[in-house]
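*Asks:* Below are the structure tokens for one structure; questions will follow.
All of the numbers you see were taken from the coordinates with simple rules; none came from a lab. Only a predicted model underlies this, so the values are computations on that prediction, with no experimental measurement involved. Every residue, glycine among them, receives a Cβ derived from its backbone with ideal geometry; neighbour counts consider all protein chains shown.
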There are 2 protein chains.
Amino acid sequence: MRNIRLIIRYDGTKYNGWQKQGNTEQTIQGKMEQLLTKMTGESIELAGSGRTDAGVHALAQVANFHTHSSMTEKEMAEYMQEYLPKDIGIVEVKEVGERFHSRLNAVKKQYEYRIYMGQENPVFERKYCWHIQEPLNVEAIKKASESFIGQHDFKSFCGNKKMKKSTIRRIDEIQVIKDGNWLILRFTGNGFLMNMVRILTGTLVEVGQGKKEVQDMEKILLAKSREKAGMLAPAQGLFLVKVWY
Amino acid sequence: MRNIRLIIRYDGTKYNGWQKQGNTEQTIQGKMEQLLTKMTGESIELAGSGRTDAGVHALAQVANFHTHSSMTEKEMAEYMQEYLPKDIGIVEVKEVGERFHSRLNAVKKQYEYRIYMGQENPVFERKYCWHIQEPLNVEAIKKASESFIGQHDFKSFCGNKKMKKSTIRRIDEIQVIKDGNWLILRFTGNGFLMNMVRILTGTLVEVGQGKKEVQDMEKILLAKSREKAGMLAPAQGLFLVKVWY
């Protein structure tokens with residue numbers, strides 16, 4: 001059987017996240033499986049590198065599926081391009097080795113959170129950022145972000161309170177980039193818990209607003225309690241940027 | 001009476017253009033006048049630098065209105081910011097001399113047309129460009145664009161067939177910028193007729209597709225007939241970028 005890897009870009013605004021839930025087709029996975037099933041005439045299951053929350057976007061989500069289809073990569077790309085809604089794009093279609101699995105083989109991921117700090121409405125980016133009108137203390141955010149680098153128990157930053165598996169993850173880098181009125185937070189790590197990037201962002205924003213101190217970060221990590229961390233940043237500012245294998 | 005100049009940014013997707021038409025509030029001008037009337041308690045008329053078609057966007061439309069209000073520029077900006085829909089943004093509010101008129105005093109304007117030539121859907125820019133999947137001959141477009149520089153009768157490029165006033169305009173520059181899969185056409189001139197930038201763009205795209213020749217451009221200008229020019233490019237790729245006074 002052939003194993004096909006897809007790189008998928010999507011605007012998550014209208015979707016209930018990546019992951020299929022029951023029969024609803026308003027998920028990216030559901031939409032894609034429906035299309036691939038039609039394309040191949042087989043019942044296709046599409047494995048993604050991981051979930052994205054409702055409203056979160058992706059520049060390059062990775063997914064793979066198995067098929068007996070004899071279509072070329074190019075034919076598949078053209079078929080999908082023709083029938084996909086305009087808010088989903090296929091960046092690449094590639095046949096890979098049979099053992100490749102987009103979730104199990106992922107070793108590193110990058111997410112980006114976009115904040116607009118200007119007074120006026122970010123008219124063209126309004127669905128792709130968090131609009132915070134008061135300027136943030138970017139130096140404080142940078143300092144606070146350093147507390148999260150390395151391997152930690154991120155239980156305080158996990159949106160799933162019933163999480164039974166390990167909540168230990170490794171963050172390799174948090175880039176804090178100020179570009180005019182834009183503030184970009186770019187997180188790279190070996191894996192992220194449910195809502196983790198959004199809770200980290202919400203907490204760092206509270207530091208930038210002076211509501212939390214840089215030295216609180218260590219305490220929040222050690223508390224292993226969601227209540228100690230900051231707010232959940234809105235989904236629409238978050239992008240899955242890259243997955244490494 | 002005070003004369004207030006606004007610089008306004010808008011996503012034209014949902015609007016029936018800049019210009020008020022009867023009682024419909026689905027125009028930018030109508031929406032703004034409604035808000036300014038509420039803000040000042042006076043019946044406000046807002047003069048824009050010019051119309052934009054339904055679906056066309058603006059990075060910096062200029063408009064002005066007269067008022068007896070004693071609000072400061074900052075108070076006005078904050079009021080508008082609070083009550084405007086998210087697809088309209090106020091970039092600047094400034095009190096100007098009583099003789100300033102945003103349309104009559106405009107001496108030069110710049111429009112930008114954005115084309116995406118990649119295979120895949122331009123997911124995040126899909127409402128802000130024209131998606132043309134086949135690559136265009138950019139060198140031919142550049143050469144063809146030179147025919148339009150200077151003062152010409154642009155009757156062939158006027159969408160209003162009943163136009164009784166002069167159709168002579170001066171184009172100072174057409175920048176043709178290729179950036180990866182993006183092709184940006186930037187038009188600067190002393191004024192533009194109805195649909196003029198979109199018909200120029202449609203004609204240049206036909207050159208890029210090999211459907212028209214570079215040397216046809218002169219003939220189309222001389223024909224003074226809308227039928228000789230190319231297609232009307234879709235509204236959603238067009239932005240009013242700047243107005244000079």
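*Asks:* Tell me the net charge near residue A:3. Cut-off is 11 Å between Cβ atoms, residue A:3 excluded, with +1 for each Lys or Arg and -1 for each Asp or Glu.
*Replies:* Net local charge, residue A:3 excluded: +2.
*Asks:* I would also like to ask the following. Report the longest stretch of chain A that contains none of the trypsin sites (Lys or Arg not before Pro) sitting in a DSSP loop with at most 10 other Cβ atoms within 10 Å.
*Replies:* My reading of the result: A:1-98 is the longest stretch.
*Asks:* How much length, in nm to one decimal, is gained on full extension between residue A:137 and residue A:108, taken as 0.36 nm per residue of separation minus their Cα-Cα distance?
*Replies:* Full extension from residue A:137 to residue A:108 adds 7.5 nm.
*Asks:* In percent, how large is the relative contact order of segment B:198-245, given Cα pairs closer than 8 Å and 6 or more residues apart?
*Replies:* 55 percent
*Asks:* What is the pair-distance distribution P(r) of chain A, computed from all Cα-Cα distances in 5 Å bins starting at 0, with each bin given as a whole percent?
*Replies:* Percent of Cα pairs in each bin: 1, 6, 13, 17, 17, 15, 11, 9, 6, 3, 1, 0.
*Asks:* For peptide B:119-132, how many partner chain Cβ atoms fall within 10 Å of a residue's Cβ, on average?
*Replies:* Shielding by partners across B:119-132 averages 5.
*Asks:* Okay, moving on. So for the protein assembly as shown: antiparallel DSSP bridges make up what percent, rounded to the nearest 5?
*Replies:* Antiparallel: roughly 90 percent of the beta bridges in the protein assembly as shown.
*Asks:* Okay, next question. Does anything in segment B:49-67 have its amide N under 15 Å from the 7 Å Cα→Cβ label point of residue B:245, and if so which residues?
*Replies:* B:49-50, B:60-67
*Asks:* Give the separation of the Cα centroids, segment A:179-245 to segment B:193-245, in Å.
*Replies:* If you average the Cα positions of each part, the centres end up 48 Å apart.
*Asks:* Relative to the Cα centre, what is the charge dipole magnitude of chain A, using +1 at the beta carbon of each Lys and Arg, -1 at the beta carbon of each Asp and Glu, and rounding to the nearest 20 debye?
*Replies:* Here the size comes out at about 820 debye.
*Asks:* How crowded by other chains is B:76-87, given as the mean number of beta carbons from other chains within 10 Å of each beta carbon?
*Replies:* 2
*Asks:* Going out from 0 in 20 Å bins, what whole percent of all Cα-Cα distances in the protein assembly as shown drops into each bin?
*Replies:* The calculated distribution, bin by bin, is 20, 44, 31, 4.
*Asks:* How much net charge surrounds residue B:229 when only the other residues with a Cβ under 11 Å from the Cβ of residue B:229 are counted, with Lys and Arg +1 and Asp and Glu -1?
*Replies:* Charge balance near residue B:229 sits at +4.
*Asks:* How big, in percent, is the set of alpha carbon pairs in segment B:77-200 lying more than 21 Å apart?
*Replies:* Of the Cα pairs, 57 percent sit more than 21 Å apart.
*Asks:* Give me, ordered by chain and number, the residues 5 or more places off residue A:92 or on other chains with an amide H under 5 Å from its own placed amide H.
*Replies:* Counting only residues 5 or more places away or on other chains, the set is A:7.
*Asks:* Pairs of Cα atoms under 8 Å, at least six residues apart: use those to get the relative contact order of segment B:158-239, whole percent.
*Replies:* After rounding, I find 29 percent.
*Asks:* Also, quick follow-up: At 222 nm, what value in deg cm²/dmol follows for the protein assembly as shown if DSSP H runs of at least 4 each add -39500 (n - 2.57) and the sum is divided by all its residues, to the nearest 500?
*Replies:* -6500 deg cm²/dmol
*Asks:* Give me the count of lysine pairs in segment B:131-214 whose alpha carbons sit under 16 angstrom apart, restricted to pairs 8 or more positions apart or on different chains.
*Replies:* Value for segment B:131-214: 8.
*Asks:* Just to be sure I follow: if Rg is taken over the C-alpha atoms of segment B:1-132 and Rh is the Kirkwood radius over the same atoms, what is Rg/Rh?
*Replies:* Over the Cα atoms of segment B:1-132, Rg/Rh equals 1.01.
*Asks:* Looking at B:185, B:149, B:240, which one has the Cα that reaches farthest to the positive end of the dipole of segment B:143-245 (charges on Cβ: Lys, Arg +1; Asp, Glu -1)?
*Replies:* Most positive-ward Cα: B:240.
*Asks:* First select every other residue whose beta carbon is under 11 angstrom from the beta carbon of residue B:81; then total the charges, Lys and Arg +1, Asp and Glu -1.
*Replies:* Cβ neighbours under 11 Å give a net charge of -2.
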